[in-house]
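Comments concern the structure below.
The values are calculated or read from the model by the stated rules, or taken from the named source; none is laboratory data. Keep in mind it's a predicted model, so treat the numbers as computed, not measured. Reconstructed Cβ throughout: ideal geometry from the backbone, glycine too, with neighbour counts over all protein chains shown. The area values use the complete protein model at the heavy-atom level, side chains included, leaving out ligands, DNA and RNA. Shrake-Rupley method; radii C 1.70, N 1.55, O 1.52, S 1.80 Å.
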Amino acid sequence: MVVLLAVSSVCALSLGTPTSPAPAGRRVLEGDTTLAGIVVSELRLPRLLLALVAGACLGAAGLVLQEALRNPLAVPEMLGVSSGAALGVAAPLVLAFSLPAAVQPLPAIGGAALGGGLTLLVAGIGRSPSAVLLTGAAVAAALQAALLVLMVMADQLDLQLIYRYLLGSLSARTWDDVTGLWPWLLVAVPALVLCAPVLSVLRLGDEDAEALGVRAQRARLAALAIAVVLIAPVTAVCGPVAWVGFLAPHLSRWFAPAAGAVRWLPWSAAWGAVVVAVADVPARLALAPVETPAGAWTALLGVPAGVALMRSGGRRRTARHGQAASVGAREQLSELRKTAAGVADEVAPAAASHHAHPGEPGPGGPTSPALGTIGTEDPR
């Protein structure tokens, strides 16, 4: 992970026109005012930081949703959260509502809360994880249909902006976009730290969680609220970067399968940051001078990799369960052998004593001496 992060950071700052790999770091540190220095410090560096922050938020939100709903497929794209946030951003743009920069994430937060809350409301908070997931897919489809209606109403310029936004793009992002995320992170990160131990309890099931003093329904709603605060500001700035919340949690579980939610959470955030930073490099350079959306690359690479990690993790869990069952069977067989050996040791001396003294009572009950002469006495 550290190697990928270092390589992607160097490539993000150094590759491309009008700078070269060698002086990119020096341009940032020395405050170079030439064209190359301005490109590195004012465009590429905030873009890299935004990729890291956005990936970390999406990775942590994906783990929160998967653990709260006990479903490895519970991702923002399948629960109406990302679609709702995109709808909240596109509606003011199409309807020509002018919003200050400080409150631009608010429509995204409202849309994400609408999508996630509608999913839990329709599916029922206490239903099975599969029911919540299927209902979330239906809600996401409905929100995407509403978004298509807005795209039909938009003019050509707004349509191009919405189209690029919906694919998740980090193009032309500046320091203002990065600094606009910090107030929301100051709210979400402490809540995330407090939520992590509760996620470990929710994995046990609602009944066990209630027995341990955790109100499962309220805890699940709180987890959804934290995921919304993590996802919506990122979606407002760079659009729905797809499937990062699916891949990052599976990477953290694959590298630490025996850990719990408390340990998986920081690793999931770190892997999310790495995934977005790595995906943004080919998004900027693969078809240069034309830039492709980073969300297209995360979806293209993230879904197959996530499925492969799920299958690999399932095989590893099956192997561990089979090994544990084999060990248990061997222990039971060993106990049975010890028990049989103990019974044999108790029976052998008694049998030997019976053969040595046939007239004495044996283990089957008292024996009369007269029984040996029955049928041989003189009838007279």
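Going through the stretch 180-192 one residue at a time, which ones are of a type outside the set (A, V, I, L, M, F, W, C) and modelled with pLDDT of 90 or more? Spell out the reasoning first.
Taking the stretch 180-192 first, the residues of a type outside the set (A, V, I, L, M, F, W, C) are 180, 183, 190.
If the condition is that a residue be of a type outside the set (A, V, I, L, M, F, W, C) and modelled with pLDDT of 90 or more, then PRO190 is the only one that fits.
Going through the stretch 156-174 one residue at a time, which ones are touching a helix residue (DSSP H, G or I) at 6+ places or on another chain (Cβ under 9 Å) and over 24 Å from SER41 (Cα atoms)?
Going through the stretch 156-174, the residues touching a helix residue (DSSP H, G or I) at 6+ places or on another chain (Cβ under 9 Å) turn out to be 158-159, 161-163, 165-174.
If the condition is that a residue be touching a helix residue (DSSP H, G or I) at 6+ places or on another chain (Cβ under 9 Å) and over 24 Å from SER41 (Cα atoms), then ASP158, LEU159, LEU161, ILE162, TYR163, LEU166, LEU167 are the ones that fit.
Scan the stretch 265-272 and give yes if some residue there is more than 14 Å from SER169 (Cα to Cα), part of a helix (DSSP H, G or I) and within 9 Å of the chain's Cα centre (by Cα), otherwise no. Steps first, please.
Going through the stretch 265-272, the residues more than 14 Å from SER169 (Cα to Cα) turn out to be 265-272.
Retained after the next criterion (residues that are part of a helix (DSSP H, G or I)): 265-272.
From the residues that got through so far, the ones that are within 9 Å of the chain's Cα centre (by Cα) too are 265, 268.
Within the stretch 265-272, one or more residues are more than 14 Å from SER169 (Cα to Cα), part of a helix (DSSP H, G or I) and within 9 Å of the chain's Cα centre (by Cα).
Within the stretch 76-90, track down each residue that is polar (S, T, N, Q) and either open to solvent by 30 Å² or more (accessible area, probe 1.4 Å) or in contact with a Leu (Cβ under 7 Å, 6 or more places away or on another chain) (or both). Spell out the reasoning first.
Filtering the stretch 76-90 for residues polar (S, T, N, Q) gives 82-83.
Answer for the stretch 76-90, where residues must be polar (S, T, N, Q) and either open to solvent by 30 Å² or more (accessible area, probe 1.4 Å) or in contact with a Leu (Cβ under 7 Å, 6 or more places away or on another chain) (or both): just SER83.
Is it the case, given these coordinates, that GLY59 is open to solvent by 30 Å² or more (accessible area, probe 1.4 Å) and under 30 Å from GLN217 (Cα atoms)?
Values: open to solvent by 30 Å² or more (accessible area, probe 1.4 Å): no; under 30 Å from GLN217 (Cα atoms): yes.
No; evaluated as a whole, the condition is false for this residue.
For residues in the stretch 225-234 being surrounded by 24 or more Cβ atoms within 10 Å (Cβ to Cβ) and not β-branched (Val, Ile, Thr), which is nearest to GLY116 (Cα to Cα)?
ALA227
Regarding TRP264, is this residue open to solvent by less than 20 Å² (accessible area, probe 1.4 Å), in contact with a Ser or Thr (Cβ under 7 Å, 6 or more places away or on another chain) and closer than 25 Å to LEU199 by Cα? Working first, answer last.
Numbers: open to solvent by less than 20 Å² (accessible area, probe 1.4 Å): yes; in contact with a Ser or Thr (Cβ under 7 Å, 6 or more places away or on another chain): yes; closer than 25 Å to LEU199 by Cα: yes.
Taking the combined requirement at face value, the residue satisfies it.
Of the residues LEU4, LEU73, LEU15, LEU93, which is surrounded by fewer than 23 Cβ atoms within 10 Å (Cβ to Cβ) and either of a type in the set (Lys, Arg) or at pLDDT 90 or above (or both)?
Working: LEU73 fails: either of a type in the set (Lys, Arg) or at pLDDT 90 or above (or both); LEU15 fails: either of a type in the set (Lys, Arg) or at pLDDT 90 or above (or both); LEU93 fails: either of a type in the set (Lys, Arg) or at pLDDT 90 or above (or both).
Among LEU4, LEU73, LEU15, LEU93, only LEU4 is surrounded by fewer than 23 Cβ atoms within 10 Å (Cβ to Cβ) and either of a type in the set (Lys, Arg) or at pLDDT 90 or above (or both).
Within the stretch 141-157, can you find the residues that are among the polar types (S, T, N, Q) and modelled with pLDDT under 85? Full working, then the answer.
Going through the stretch 141-157, the residues among the polar types (S, T, N, Q) turn out to be 144, 156.
Hit for the stretch 141-157 is GLN156, nothing else.
If I ask for residues that are in a helix (DSSP H, G or I) and more than 12 Å from the chain's Cα centre (by Cα), which ones from the stretch 234-261 would you list? Give the derivation first.
First, pick out the residues of the stretch 234-261 that are in a helix (DSSP H, G or I): 234-238, 244-255, 261.
The answer is VAL234, THR235, ALA236, VAL237, CYS238, PHE255.
When you scan the stretch 202-217, do you find a residue that is in a helix (DSSP H, G or I), at pLDDT below 90 and within 17 Å of the chain's Cα centre (by Cα), even just one? I'd like the intermediate steps shown before the answer.
From the stretch 202-217, those in a helix (DSSP H, G or I) are 202, 206-211, 216-217; that's our starting set.
From what's left, at pLDDT below 90: 202, 206-211, 216-217.
The next check asks that each one be within 17 Å of the chain's Cα centre (by Cα); those that pass are 202.
Yes, because at least one residue in the stretch 202-217 is in a helix (DSSP H, G or I), at pLDDT below 90 and within 17 Å of the chain's Cα centre (by Cα).
Where residues in the stretch 106-134 are at pLDDT 85 or above and of a type in the set (Val, Ile, Thr), which of them is most open to solvent (accessible area, probe 1.4 Å)?
ILE109
Against the conditions (1) out of contact with any Lys or Arg (no Cβ under 7 Å at 6 or more places or on another chain); (2) at pLDDT below 85; (3) open to solvent by less than 60 Å² (accessible area, probe 1.4 Å), where does GLN160 fall short? Just the number, please.
Going through (1) out of contact with any Lys or Arg (no Cβ under 7 Å at 6 or more places or on another chain); (2) at pLDDT below 85; (3) open to solvent by less than 60 Å² (accessible area, probe 1.4 Å) one by one, GLN160 breaks only (3).
Criterion first (open to solvent by 20 Å² or more (accessible area, probe 1.4 Å), touching a residue at least 12 places away in the same chain (Cβ under 8 Å) and under 16 Å from GLY110 (Cα atoms)) does VAL237 satisfy it?
Working: open to solvent by 20 Å² or more (accessible area, probe 1.4 Å): yes; touching a residue at least 12 places away in the same chain (Cβ under 8 Å): yes; under 16 Å from GLY110 (Cα atoms): yes.
Taking the combined requirement at face value, the residue satisfies it.
Restricting the stretch 18-61 to residues that are of a type in the set (Val, Ile, Thr) and closer than 19 Å to VAL290 by Cα, which is modelled with the lowest pLDDT?
THR19
Name the residues in the stretch 181-205 that are buried (at least 18 other Cβ atoms within 10 Å of the Cβ) and under 26 Å from LEU52 (Cβ atoms), would you?
Answer for the stretch 181-205, where residues must be buried (at least 18 other Cβ atoms within 10 Å of the Cβ) and under 26 Å from LEU52 (Cβ atoms): LEU181, TRP184, ALA188, LEU192, CYS195, ALA196, LEU199.
Given the criteria charged (D, E, K, R), more than 20 Å from SER83 (Cα to Cα) and surrounded by fewer than 19 Cβ atoms within 10 Å (Cβ to Cβ), does ASP208 qualify? Walk me through it before giving the result.
On the way: charged (D, E, K, R): yes; more than 20 Å from SER83 (Cα to Cα): yes; surrounded by fewer than 19 Cβ atoms within 10 Å (Cβ to Cβ): yes.
Spelling it out, ASP208 is indeed charged (D, E, K, R), more than 20 Å from SER83 (Cα to Cα) and surrounded by fewer than 19 Cβ atoms within 10 Å (Cβ to Cβ).
Note down all Cβ pairs under 8 Å where the first residue falls in the stretch 138-151 and is more than 11 Å from GLY80 (Cβ to Cβ), the second is surrounded by fewer than 15 Cβ atoms within 10 Å (Cβ to Cβ) and among the hydroxyl-bearing types (Ser, Thr, Tyr), and they're at least six residues apart or on different chains.
Listed by first residue and then by second, the contacts come to MET151/TYR163.
Evaluate the following for ASP177: is it among the acidic types (Asp, Glu), over 26 Å from LEU45 (Cα atoms) and surrounded by 14 or more Cβ atoms within 10 Å (Cβ to Cβ)? Talk me through it step by step, then tell me what you get.
Working: among the acidic types (Asp, Glu): yes; over 26 Å from LEU45 (Cα atoms): no; surrounded by 14 or more Cβ atoms within 10 Å (Cβ to Cβ): yes.
So ASP177 fails the test.
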